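For reference, the structure is listed below as structure tokens.
The values are calculated or read from the model by the stated rules, or taken from the named source; none is laboratory data. Quick caveat: nothing in here was measured; it's all calculated off a predicted structure. Positions of Cβ are backbone-derived with ideal geometry, glycine not excepted, and every protein chain shown enters the neighbour counts. These accessible areas exclude ligands, DNA and RNA; they are computed on the full protein's heavy atoms, side chains included. Shrake-Rupley method; radii C 1.70, N 1.55, O 1.52, S 1.80 Å.
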Amino acid sequence: MPKKTETILVKEKIDEFVRSAADRILEWDDRLDNIALVGIRTRGVHLVRRIVERIRQEKGVVLKTGILDITLYRDDLDDNPASPQVRGTEIGFNVQGMTLVLVDDVVYTGRTVRAALDQLIDFGRPRAIKLVVLVDRGGRELPIQPDFSGSTVNTKSGQDVVVLLAEEDGMDGVRIMSRK
Amino acid sequence: MSWHRKHLLTLEDLTREEILHVLDTAESFKEVSTRSIKKVPALRGKVVANLFFEPSTRTRISFGLAAKRLSADTIDFVSAGSSTVKGETFKDTSKNIEAMGIDIAVLRHTAPGAPKMLSECIDARVVNAGDGPHEHPTQGLLDIFTIREEKGKVEGLNVLFVGDITHSRVARSNIWGLKKLGASVGVVGPATLIPKKIEELGVKVYYDLDEVIGEFDVINLLRIQLERQRQNLFPSIREYSRLFGINGERMKRAKPDVVIMHPGPINRGVEITPEVADGANSVILKQVTNGLAVRMAVLYLVSGIK
């Protein structure tokens, strides 16, 4: 059976998300050197790079950034046929007292964010952790909500939200694909 | 995914891709030891049993700490002096420990093949922590990891092992691993301590260290097991040290950026003088640090296989 595909965000909308996210993030701490953006692998890392570049253009300041690989904190390690690949976490600054902004492409069940929160707290005690996502697709299984999202769509469990970013996929866009 | 093994028994068994997968995974685990809380929850609720039927300090502590940093519970079985535990007794001991519900058994034993035998008689995953003179796969992996970190590659490097090759499980695991990753391997030592058929592994054999020392990028010094001297395999410690010990004078003939390794414990003044062991070319303590990351990676990878 052919898959049904619907484009929900085009490149211009993703650019707009980057600009709005940058504006919002700057409101979350009076001191820019106290804000750090942490991207969840893989596409969250690219979004962090774009947001930081936008802030650099606007304010002339380069914010601190980090990368999270949440594999070792997953709650479904026992359900996998083999240990999933670990690709490394890079938090090259002291998180104590910082405002950390967690960035990912999609929030769905909330389990990835739960794992990311647990991991971040193992680095120290930040002042606050905020969540920024490009797409909130509903379907939460844990009490976790984004502080800023680029778009909200209500999806069903038979659907996949596919985020394409030029750095990874050669083009920008967000699509919903129906499996049946 | 390039890891499908329930046990890590030898490096002879592993493919080039599997070795690289462990090294890459270890790379990610190195970062965990730099955190404020040096622990990840990956093996929470799992039990790792360290079964050491032969003395060991470094390896046992390293595996114990690696398991703890993965949030596993650990139990230590140390059979002081009972190195002759074999056959049914060894099997029974293992069966009993397994009955307590362990997930991973880390085994050090004097008998070559003991880990393989254990893997065939219990359901838990088995990691070889050294089986007699046969293999010491995690030591081989951590040595190769350290070489790659220092030199940025393994392929095309010239690596020399010095000393007692015959009784060295460290050399054997390293040779299997290094050859698979495309390094050239040489061995040098007293003729009585070099196994007859070693060339069949694709290794070059030398007897004069001074003649060849300048050709190598990495020199791995094997511990002289002092008990061997009593078997008259070489005339005296002093003569060994004069011919094969690495000292400041000998270092002048080596490449300026040569990497000096030793699996420990070192006999200062025998295989290596303090000025070299503590000098700029020595990575001996980095090997220990890397060993922790490599063992975390191995425990994580085997734990995922049903």
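At-a-glance table
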quantity: Residue, surrounded by the fewest Cβ atoms within 10 Å (Cβ to Cβ), within segment A:76-99, restricted to residues that are within 14 Å of another protein chain (Cβ to nearest Cβ) and outside any loop (DSSP other than H, G, I, E, B); calculated: A:D79
quantity: Tabulated pairs, segment B:227-245, first at pLDDT 75 or above, second open to solvent by 70 Å² or more (accessible area, probe 1.4 Å), C-beta under 6 angstrom, 6+ apart or interchain; calculated: B:L233/B:T192
quantity: Test: residue in segment B:180-199 that is among the charged types (D, E, K, R) and either closer than 24 Å to B:M296 by Cα or touching a Cys at 6+ places or on another chain (Cβ under 7 Å) (or both); calculated: yes
quantity: Any hit, segment B:83-92, residues being in a strand (DSSP E or B) and more than 14 Å from chain A (Cβ to nearest Cβ); calculated: no
quantity: Residues that are surrounded by fewer than 17 Cβ atoms within 10 Å (Cβ to Cβ) and over 25 Å from B:P55 (Cβ atoms), drawn from segment B:251-273; calculated: B:K252, B:R253, B:K255, B:P256, B:D257
quantity: Subset of segment A:121-168 that is farther than 23 Å from A:R50 by Cα and in a strand (DSSP E or B) - its residue that is farthest from the other protein chains (Cβ to nearest Cβ); calculated: A:Q159
quantity: Leading residue by the ranking (modelled with the lowest pLDDT) among those in segment B:42-55 that are more than 9 Å from chain A (Cβ to nearest Cβ) and either within 17 Å of the chain's Cα centre (by Cα) or open to solvent by less than 10 Å² (accessible area, probe 1.4 Å) (or both); calculated: B:P55
quantity: For B:V298: the one exception among (1) among the β-branched types (V, I, T); (2) part of a helix (DSSP H, G or I); (3) away from chain A (no Cβ under 14 Å); (4) in contact with a helix residue (DSSP H, G or I) (Cβ under 8 Å, 6 or more places away or on another chain); calculated: (3)
quantity: Looking only at segment B:138-156, and only at residues there that are touching a residue at least 60 places away in the same chain (Cβ under 8 Å) and open to solvent by 10 Å² or more (accessible area, probe 1.4 Å), the one that is nearest to B:Q231 (Cα to Cα); calculated: B:Q139
quantity: Flag for B:V170 being closer than 18 Å to B:L11 by Cβ, open to solvent by 10 Å² or more (accessible area, probe 1.4 Å) and β-branched (V, I, T); calculated: yes
quantity: Residue check, B:A67 more than 13 Å from every other protein chain (Cβ to nearest Cβ), among the small types (G, A, S) and at negative phi; calculated: yes
quantity: Condition check for A:A116: touching a helix residue (DSSP H, G or I) at 6+ places or on another chain (Cβ under 8 Å), within 14 Å of chain B (Cβ to nearest Cβ), small (G, A, S) and not in a strand (DSSP E or B); calculated: yes
quantity: Qualifying residues in segment B:8-41 (those that are in a loop (DSSP other than H, G, I, E, B) and open to solvent by 30 Å² or more (accessible area, probe 1.4 Å)) - the one farthest from the other protein chains (Cβ to nearest Cβ); calculated: B:E12
quantity: Unmet criterion (only one of (1) farther than 30 Å from B:S33 by Cα; (2) out of contact with any helix residue (DSSP H, G or I) (no Cβ under 9 Å at 6 or more places or on another chain)) for A:F123; calculated: (1)
quantity: Filter result (charged (D, E, K, R), part of a helix (DSSP H, G or I) and closer than 14 Å to A:V132 by Cβ) within segment A:21-60; calculated: A:D23, A:R24, A:R43, A:R49, A:R50, A:R54
quantity: Failed item, numbered, when B:D131 is tested on (1) open to solvent by 10 Å² or more (accessible area, probe 1.4 Å); (2) in contact with a Pro (Cβ under 9 Å, 6 or more places away or on another chain); calculated: (1)
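Results for (1) at pLDDT 95 or above; (2) more than 19 Å from A:T5 (Cα to Cα), shown as yes or no for each residue.
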residue: A:T65; (1), (2): yes, yes
residue: A:T99; (1), (2): yes, yes
residue: A:T152; (1), (2): yes, no
residue: A:S178; (1), (2): no, no
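This table checks each residue for (1) more than 15 Å from the chain's Cα centre (by Cα); (2) under 19 Å from B:V32 (Cα atoms).
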{"site": "A:I70", "(1), (2)": "no, yes"}
{"site": "A:D79", "(1), (2)": "yes, no"}
{"site": "A:A82", "(1), (2)": "yes, no"}
{"site": "A:R87", "(1), (2)": "yes, yes"}
{"site": "A:F93", "(1), (2)": "yes, yes"}
{"site": "A:V103", "(1), (2)": "no, no"}
{"site": "A:L120", "(1), (2)": "no, yes"}
{"site": "A:A166", "(1), (2)": "yes, no"}
